[in-house]
Amino acid sequence: MKSVYILSDNIITSLGFTTAENTAAIENGVVGIREVDDPALYPSAVQLSLVNSLLLEEKFAAVLATLHKKNPASSFTRLEKMFILSIHEALNTRQVSPGDPRTLFIISTTKGNVNLLENQYRATFSHKRVYLWELGRTIQQFFGFANKPLIVSNACISGVMALMTAARFLHSGAYDHAVVTGGDIASEFVISGFQSFQALSPAPCKPFDLNRTGLSLGEGCGTMILSVVPGNSDGPSIRVTGAATTNDANHISGPSRTGQELATAMKLAMNQAGLGTGDIDYICAHGTATSFNDEMESKSIDLCGLTQVPVNSFKGYWGHTLGAAGIIESVAAVSSLRKNMLYRSAGFETLGVPSPLNVIGTNLSTPLQACIKTASGFGGCNAAITIQKK
């Protein structure tokens, strides 16, 4: 099978509009989760990680001007603007053409333009824009992608599953390049849903910590460009080498109690990549900071024989970004490999899960060759991908 290389990427979160801005903030310990008191999002104050709206509008207007687009900025939704900015940034550094029939386009999202269900937007946008296929069509037409977007919406594994799907298409020889993007925004619908589970923390989340009290929601967008061609880079080539999904078949909103199913996905991904337990240098975990997820994930890591491997969660920095999470966290993991840097797991102080984990408590420079990224979500879905230096 053909090798799948990561050519370029982008992250948009509360911490910045580029991968470099985000990773610099993480290196400096900056947390983007804040108390937000906005009745348009929720009746009472809630901890959220929000993209800077003023900068979003400024940067989007600049992209419209650069690309000589006639469309007014007001004709695009907040989420569409984030997608377009992220894709533009990633494409801007690589010679991958959206108009090439050999370029695959994949969008990952859990809710899309769900905020358009609210009364304040109904007079501005067509009701069709709430459908994921219409969101995809809008972005496809903006960039002139030759292929219709493949939309992956499978709860919180959507981002990792989108990368896995792209890698498999490239492995098969069906395409030469893939633009994979994922995004979701904060909305009354999403916040109310997680509040109904009593899953939101009253303070910034603390993945794997003894005193964790739930997750923090965030909004964001990320893009990764994959190719069968290594490309020219000043640093080492990075490849996606293995991927797998499984399902717990346990409960619609509660994960497996044993961790066996996520462990199976991790083992399958490692086997596909030809990696043993001694080859994994780092685990980029899902780490939502909910009681059940973190317990399950610790058991999965234990079942894989990886409890000594350094592990972190990026959700303590920018919250749970839903359909963007698997992509932006994978981009951050790639940054770790490129820089040989293990990033601290924000919010972690005292281990509070059943199995012993080597949670990263402080930034550390160390040689890194291979990592595994995990994800789990509602409906019992699990996913894992392995990322390696060539």
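The numbers here are math on the coordinates, done by the rules we state, and not lab data. All of these numbers come straight from a predicted model, not from anything done at the bench. Reconstructed Cβ throughout: ideal geometry from the backbone, glycine too, with neighbour counts over all protein chains shown.
Observations on the structure shown:
- Two-site FRET efficiency, residue 141 against residue 36, from Cβ-Cβ distance with R₀ of 35 Å, rounded to 0.05: 0.60
- Net charge over other residues, Cβ less than 11 angstrom from the Cβ of residue 239 (K, R count +1; D, E count -1): +3
- Database remark: amide H of residue 36 closer than 5 angstrom to the amide H of 46, 47, 48 (H placed geometrically; neighbours at sequence offset of 5 or more, or on other chains; Pro and chain starts carry no H).
- Spatial offset of the range 206-262 relative to the range 162-185 amounts to 15 Å, using the alpha carbon center of each.
- Beta-bridge orientation, the range 238-389: approximately 75 percent antiparallel, per DSSP, counting only bridges with both partners inside.
- Mean projected area in nm² (Cα convex hull; one quarter of hull surface) for the chain: 17.1 nm²
- The Cα center of the range 1-76 and the Cα center of the range 135-149 differ in position by 20 Å.
- Inter-part distance where the range 349-390 and the range 78-119 are each reduced to a Cα centre, Å: 27 Å
- FRET efficiency for the residue 44 to residue 229 pair, using the beta carbon distance and R₀ = 56 Å, is estimated at 0.65.
- In the chain, Cα pairs under 8 Å separated by at least six residues give a relative contact order of 23 percent.
- Protection proxy ranking, peptides 125-134, 367-376, average beta carbon neighbours within 10 Å, highest first: 367-376, 125-134
- Kirkwood-Stokes translational diffusion coefficient of the range 238-389, alpha-carbon pairs, 20 °C, 1.002 mPa s, µm²/s: 143 µm²/s
- Percent RCO, i.e. relative contact order, over the range 4-227, from Cα pairs under 8 Å lying at least 6 residues apart: 30 percent
- Over the chain: helical MRE at 222 nm, DSSP H runs n ≥ 4 each giving -39500 (n - 2.57), nearest 500: -9500 deg cm²/dmol
- Along the range 330-339 the Karplus relation, 6.51 cos²θ - 1.76 cosθ + 1.60 evaluated at θ = phi - 60°, assigns HN-Hα couplings of 5, 4, 5, 5, 4, 4, 4, 5, 4, 8 Hz to successive residues, with x for each Gly and Pro.
- Extension gain (nm, one decimal) between residue 258 and residue 378, 0.36 nm per residue minus Cα-Cα: 41.6 nm
- Additional length obtainable on full extension of the chain from residue 213 to residue 366, 0.36 nm per residue less Cα span: 51.9 nm
- Beta bridge orientation in the chain: antiparallel %, DSSP, nearest 5: 65 percent
- Amide proton proximity set for residue 220, modelled H, under 5 Å, gap of 5+: 184
- Cα Rg, Dmax, the range 4-227, angstrom units: 17.6, 53
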